[in-house]
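Written out below as structure tokens is the structure these notes cover.
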Amino acid sequence: MLMNALTFFIGLAGAALIAFGAWLVYEPAGYITGGFLCLGWSFMAARAMAVRDFTQREKGSS
């Protein structure tokens, strides 16, 4: 449980630092980078949930 929380917060800090670094170079780039990171996170989370649901359905039907 601790490792999951730690991994999440380190990933969150990394995303924030990437967006902040882009913002230092060019202010709108920070917002664009942050938006792309959020979209990527949302896509990966939705995909992981779909795979989990599919796997559970396959186990239940056999």
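Readers should treat all values here as calculations from the given coordinates under stated rules, not as data from a laboratory. Note that the structure is predicted; figures quoted are calculated from it, not measured.
What the table below lists for this structure:
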quantity	calculated
Within the chain, helix-based [θ] at 222 nm, where runs of 4 or more DSSP H residues each add -39,500 (n - 2.57), nearest 500	-34500 deg cm²/dmol
Integer Hz, Karplus 6.51/-1.76/1.60 couplings in order for the range 7-21, x for Gly and Pro	4, 4, 5, 5, x, 5, 5, x, 4, 5, 5, 5, 5, 5, x
Convex hull volume per residue for the chain, taking Cα atoms only, in Å³	62 Å³
